[in-house]
Amino acid sequence: MINEVLEKYKNCDFDKKVEIYNRITQELYDFLDLKHPGLNIQLINIDKVQGNSYNPNKVAVTEMKLLELSIKKDGFTMPIVVASEKKNENWVVVDGFHRLTICKENTEIKQSLQGYIPASILDKTLENRVAATVRHNIARGTHQVELSAKLVTFLKRNDWSNQKIGQELGMDPDEVLRLKQITGLAEAFKDEEFSKSWQIGFKRI
């Protein structure tokens, strides 16, 4: 059946091919019923994808050049992780901001993808997108501590409990303690519950 559809539309314009690709990928994803976004790669118009305002992951110029070379030589091997509160309109990057930047700025790479990017889509609220970005960056060991602290403060101000922050970001008490010591976090974590828990932490150190 898929072969029949592909044969029918083999001479259509590229945008139509993208539409068909996305529909088939979505159908196969639903068919498998395995809820892992990486199994459902969609092609999204690059002009509808933007970076987020909170990403603390910074990459040096040399590393950016190496990433650009990697995409040129090896092709696009990892999808960009995106999310949106309004699906199929504008998308926000959860992970892959630097890959997106290169695709937008490098004409050769952009043309090779015909103005699209492969994307893995998360259905998450803003706070959960922030947490997902932190997790992706920490997993690669690239997260900047000061900006991590700012994101923890953001989550705290959005009514995330101390326990939930630790669980969602994969941080043990000592890691959160180090973040607490960075300017701005002491105020966010001034509640009695937190203070008592870290008194115990200090005694243990």
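The values are calculated or read from the model by the stated rules, or taken from the named source; none is laboratory data. Predicted model, so just to flag it, every value in this text is computed and none were measured. Methodologically, a virtual Cβ is constructed for each residue, glycine included, from the backbone with ideal geometry; neighbour enumeration extends over all protein chains shown. With ligands, DNA and RNA removed, areas are computed over all heavy atoms of the protein, side chains included. Shrake-Rupley method; radii C 1.70, N 1.55, O 1.52, S 1.80 Å.
Looking only at segment 109-144, which residues are in a strand (DSSP E or B) and modelled with pLDDT of 80 or more?
TYR116, ILE117, PRO118, ALA119, SER120, ILE121, LEU122 - these are the residues of segment 109-144 that are in a strand (DSSP E or B) and modelled with pLDDT of 80 or more.
Do you know which of the residues in segment 16-29 that are under 19 Å from VAL82 (Cβ atoms) and among the charged types (D, E, K, R) is most open to solvent (accessible area, probe 1.4 Å)?
ARG23
Determine, yes or no, whether GLY96 is surrounded by 15 or more Cβ atoms within 10 Å (Cβ to Cβ) and modelled with pLDDT under 90. Explain how you work it out, then say what you get.
Numbers: surrounded by 15 or more Cβ atoms within 10 Å (Cβ to Cβ): yes; modelled with pLDDT under 90: yes.
So GLY96 fits the description; yes.
Which condition number in (1) at pLDDT 90 or above; (2) within 26 Å of ASN128 (Cβ to Cβ) is the one that ASN52 fails?
Every listed condition holds for ASN52 apart from (1).
Would you please list the contacts, defined by Cβ atoms under 7 Å and residues six or more apart or on different chains, that run from a residue in segment 1-22 that is more than 24 Å from GLY38 (Cα to Cα) and modelled with pLDDT under 95 to a residue that is part of a helix (DSSP H, G or I) and open to solvent by 70 Å² or more (accessible area, probe 1.4 Å)?
Once the first residue is more than 24 Å from GLY38 (Cα to Cα) and modelled with pLDDT under 95 and sits in segment 1-22, its partners that are part of a helix (DSSP H, G or I) and open to solvent by 70 Å² or more (accessible area, probe 1.4 Å) give TYR9/LYS17.
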